[in-house]
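The values are calculated or read from the model by the stated rules, or taken from the named source; none is laboratory data. Every value quoted in this text rests on a predicted model; they were computed, and no experiment measured them. Here the Cβ is made from the backbone with ideal geometry for all residues, glycine too, and neighbour counts use every protein chain on show. Ligands, DNA and RNA are excluded from the accessible area calculation, which covers all protein heavy atoms including side chains. Shrake-Rupley method; radii C 1.70, N 1.55, O 1.52, S 1.80 Å.
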Amino acid sequence: PLFAIIFGGLIDDFNPPGGFGPNSTADSPREVAAEYALLFCYLAIGTFVASVCQVGCFTVTAERQAIRIRQAYLSAVLKQEISWFDERRSGELSAKVAENTVVIMDGMGEKLGTLFQFGSMFLSGFIIGFYYNWLLTLVICACAPLLALGGFIMMKVLAEAQSGGLNAYSRAGAIADEAIQTIRTVVAFGAEDKVAKSYDKELVVAEDFGIHKAKTQGLGMGFTMGVYFLCYAIAFWYGAVLIRNDNVAAAEKYPSSVCETNSITPCGVVFDNAGDMCSACPACNCGCLANLSGNADVGIEKPACTQGGDIPLVFFAVVMGAFALGQAAPAITALTNAKISAAKIYSTIDRKPAVNVDDDQGKKPVIEGQIVFKDVSFSYPTRNEIKVFDNLNLTIEKGKTVALVGGSGCGKSTVVSL
């Protein structure tokens, strides 16, 4: 929004009362251009330095946080009891941390810095607008409810679509990872087509969520841009009304004693109304040009009426603020997605295992080498209705080699796992 202040001053200084005539006290166009070119250079340098610091700092912070989250996730997974793994696919855990940490990095990195940037632009833009012309700012603010409504609906739908797409990609990744790890078995049983169809099924779900997200984003952007251009029309129309009304009111309050309408003025021009005459001919010493308030700080006299430069100044400041609010939407979406992904990761990190290997409490068996199963009944958590063991009793003496023989599914591997 600082650009709006410089730009508004540029327009006023390039259009001084009475123009750049030989009797004008205003700076020459070359001097004005050199002054504002220097201001724009300073603004560019400041923007460059701030942007580099913003992107660099937030990106480095996000990378460090992602590494710590991965370490904490792996540590938490390794502490879980075996039954917890039975309820999950073998490739789901690695796919989950790989996909979700990328989303978390996106939300904590550059997008978070962008959110702070656009938030400050929004506040400063409206503060500048209210300071320079509160009437015009209020008129432009009439578009704000439409922008807020469109942005809210778009963000809600995008968050739901993003969450559904992430879940579908996680399931698809788990299927692919499991198939690759057991590729020999898949090929031996000719299950390639079955695995491919399962993978494609999850991808179709993710595709549907992606299409829904794209349509919503397109409609939301179209609606937002339509409202912005409507603001353009309203702002410039009402700005012209303010300038005209201020000129007319000032001409009535401070009439000229040397000029009259519909007659030749000292400027060599005939005017049909007092507002135009007083604002365009300084020699008439009336209207806005007669109502001057001295500014001792900078030694400049500035007309108290609404000036031409005030309209683009207020308009660009407020519209930049409104644009910043709209441009913050992707950053808010990234932050929302990062929050959803973080909840999935931290649900594992914060989970307390039923058997905690780091806990000193509980029984500490003395290992002598003898293995004894006494009245053991067991079923897997994912198949509670199927009993693998029903009061199994088995003793394996230390130092002996024992072979477990039986048909598929009789519990040989389960004995070893237990």
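Per the 1.4 Å probe, what fraction of the accessible area of the chain, in percent, lies on carbon and sulfur atoms? Walk me through the numbers before you get to the answer.
Details: 15690 of 25640 Å².
Percent of accessible area from carbon and sulfur atoms in the chain: 61.
For the chain, just run the numbers: alpha carbon Rg, then divide by 2.2 N^0.38 Å, N being how many residues it has.
The reported ratio for this selection is 1.67.
What is the spin-label model distance, in nm, from ASP86 to PHE229 if the labels are put 7 Å beyond Cα along the C-beta direction?
The modelled label-to-label distance comes out at 6.3 nm.
Between TYR254 and TYR42, what FRET efficiency comes out of the Förster formula 1/(1 + (r/R0)^6) with R0 = 51 Å and r the beta carbon distance, rounded to 0.05?
Working: r = 38 Å, r/R0 = 0.74.
The calculated FRET efficiency here is 0.85.
Springs between alpha-carbon pairs under 10 angstrom, Gaussian network model over the chain: which of MET225, MET320, MET121 fluctuates most?
In this elastic network of the chain, the residue with the biggest mean-square fluctuation among MET225, MET320, MET121 is MET225.
With a Förster radius of 60 Å, plug the Cβ-Cβ distance of VAL60 and ASN384 into 1/(1 + (r/R0)^6) and report the FRET value to the nearest 0.05.
Values: r = 48 Å, r/R0 = 0.80.
The computed FRET efficiency comes out at 0.80.
Where in region 194-212 is the amide nitrogen less than 15 Å from a point lying 7 Å along the Cα-to-Cβ axis of THR182?
The answer is 194-196, 198-199, whose backbone nitrogens lie closer than 15 Å to the label point.
Work out, in µm²/s and without decimals, the Stokes-Einstein translational diffusion coefficient of region 78-132 at 25 °C, 0.890 mPa s, Rh from Kirkwood over C-alpha pairs.
On the way: Rh = 15.0 Å.
So the translational diffusion coefficient is about 164 µm²/s.
If you average 1/r over all unlike Cα pairs in region 315-389 and invert the result, what Kirkwood radius do you get in angstrom? List each step's numbers first, then the result.
Working: mean 1/r = 0.0527 Å⁻¹.
Taking the inverse mean of 1/r over all distinct Cα pairs, region 315-389 comes out at 19.0 Å.
Using only Cα atoms, tell me the angle between helix 144-181 and the longest principal axis of the chain; keep it within 0 to 90° and round to the nearest 10.
On a 0 to 90 degree scale, this one is about 30.
So how far, in whole Å, is the C-alpha centre of region 333-371 from the one of region 82-112?
15 Å
Per residue of the chain, what 222 nm ellipticity follows from adding -39500 (n - 2.57) for every DSSP H run with n ≥ 4, rounded to the nearest 500?
Details: 12 runs with 276 residues, N = 418.
The per-residue figure over the chain is -23000 deg cm²/dmol.
In the full protein assembly as shown, how much of LYS387 is accessible to a 1.4 Å probe, in Å² to the nearest 10?
For LYS387, solvent-accessible area is about 130 Å².
What angle, in degrees between 0 and 90 and rounded to the nearest 10, separates the Cα long axis of helix 29-79 from the longest principal axis of the Cα atoms of the chain?
So the helix axis and the longest Cα principal axis differ by about 10 degrees.
Tell me the label-point distance for the pair SER263, ALA403, using the 7 Å Cα-to-Cβ offset, in nm and rounded to one decimal.
It works out to 12.9 nm between the two label points.
How much FRET efficiency would the formula 1/(1 + (r/R0)^6) give for SER347 and ARG244, where r is the Cβ-Cβ distance and R0 is 56 Å, rounded to 0.05?
For SER347 and ARG244, the calculated efficiency is 0.35.
Taking the chain as the reference, fit the longest principal axis to its C-alpha atoms, fit the long axis of helix 192-253 to the helix C-alpha atoms, and give the angle between the two in degrees, 0 to 90, nearest 10.
20 degrees
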